[in-house]
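I have placed the structure first, in the form of structure tokens, so that the comments after it can refer back to it.
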Amino acid sequence: MAKRRGQPVHGWVNLDKPRGVSSAKAVAIVRRVFDAAKAGHGGTLDPLASGVLPIALGEATKTVAYTMGKSKTYEFALAWGAETSTDDTEGEITRRSDHRPDDAAIDAALSQFQGLIDQVPPIYSAIKVDGARAYDLARQAESGDPLPELTARQVRIDRFHRIASDTSGARFFVGCGKGAYIRALARDLGRAVGSAAHVTQLRRLSVGQFHADYAISLDFLDQLTHSAAALEHLHPVVSALDDIPALPISGNEATRLRHGQTLSALSASAQQRFAMLTTGNTAIAIEGETPVALVMLKGGAVCPVRVLNL
């Protein structure tokens with residue numbers, strides 16, 4: 001007998017992931033609660049971190065890449081005095097420092113971490129090195145293999161300020177772009193103030209339009225016993241696309257896009273209708289209230305990039 005794959009459930013769940021649960025496990029629980037055929041998430045959270053983990057179900061998985069590129073905000077706490085192999089409390093201590101920076105030194109150092117900065121990801125991260133995940137290579141190194149060498153990447157830090165601090169550690173707020181690692185930020189700040197540091201607490205407050213204030217807890221969601229109750233907490237597929245243009249289309253045009261065909265944008269009337277599109281930028285084509293496809297303007301035609309089967 002063929003294994004049942006689940007129901008065609010489409011949309012986003014704004015989950016408040018608890019500390020101690022992996023992102024993969026959280027996705028599996030949400031998928032089971034909704035009995036969804038397909039699920040994915042919009043940006044991994046470490047097991048030790050809590051907070052917003054947007055989970056895509058069904059056709060929403062086709063928009064995950066757009067969610068992962070959104071701006072994110074965090075609050076985190078660090079402890080002075082030690083760096084660890086994982087840059088958080090899980091790893092072995094790799095360096096110690098007796099220096100404890102004062103508030104003035106901390107605030108002065110924060111200016112180094114604004115705008116576009118070069119950041120070396122943590123060794124224990126999902127970065128790929130020659131096709132393998134860095135954390136897998138790091139675990140292999142525990143048995144004597146050399147540690148992987150990670151190169152610096154440019155990341156964007158929009159906001160970084162101190163919330164509170166004492167001699168043992170400090171708490172911060174961060175707003176950043178895609179690919180920034182908070183654990184690396186804590187490590188590098190420790191070095192910048194002449195000390196050593198690692199993350200002790202981390203909470204993600206937002207991913208794009210998904211905010212912790214409106215997120216649903218995993219415990220509450222796991223207690224729902226029927227899909228009707230769960231569906232009340234499902235956000236539309238287009239929730240992740242609120243910052244890209246919406247392109248109204250007719251029924252005939254929707255049919256063409258669903259079949260992978262293009263729409264001509266060369267006539268005067270078409271140019272006026274598609275004026276919002278610029279070459280290389282993505283829009284969402286919508287028939288009435290139904291999203292049809294992610295589209296892009298190429299060579300004088302509106303081309304489907306990802307078709308949504310809704």
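For this structure, a couple of remarks:
- Some residue of segment 163-178 being in a loop (DSSP other than H, G, I, E, B) and within 12 Å of residue 114 (Cα to Cα): yes
- Among the residues of segment 100-113, those that are touching a strand residue (DSSP E or B) at 6+ places or on another chain (Cβ under 9 Å), surrounded by 13 or more Cβ atoms within 10 Å (Cβ to Cβ) and closer than 19 Å to residue 166 by Cβ comprise 100, 101, 106, 107, 110.
- Within segment 69-111, being on the phi < 0 side of the Ramachandran plot, in a loop (DSSP other than H, G, I, E, B) and modelled with pLDDT under 95 holds for 69, 70, 71, 85, 86, 89, 90, 91, 92.
- Within segment 60-106, being out of contact with any Lys or Arg (no Cβ under 8 Å at 6 or more places or on another chain), closer than 21 Å to residue 187 by Cβ and β-branched (Val, Ile, Thr) holds for 84, 89, 93, 94.
- Residue, nearest to the chain's Cα centre (by Cα), within segment 232-263, restricted to residues that are exposed (fewer than 13 other Cβ atoms within 10 Å of the Cβ) and not in a loop (DSSP other than H, G, I, E, B): 248
- From the options 6, 20, residue that is of a type in the set (Gly, Ala, Ser), over 18 Å from residue 179 (Cα atoms) and not assigned by TED's automatic domain parsing to the domain that holds residue 224: 6
The values are calculated or read from the model by the stated rules, or taken from the named source; none is laboratory data. Given the structure is predicted, the values throughout are model-derived calculations rather than measurements. Here Cβ is always computed from backbone atoms with ideal geometry, including for glycine, and neighbour counts include all displayed protein chains.
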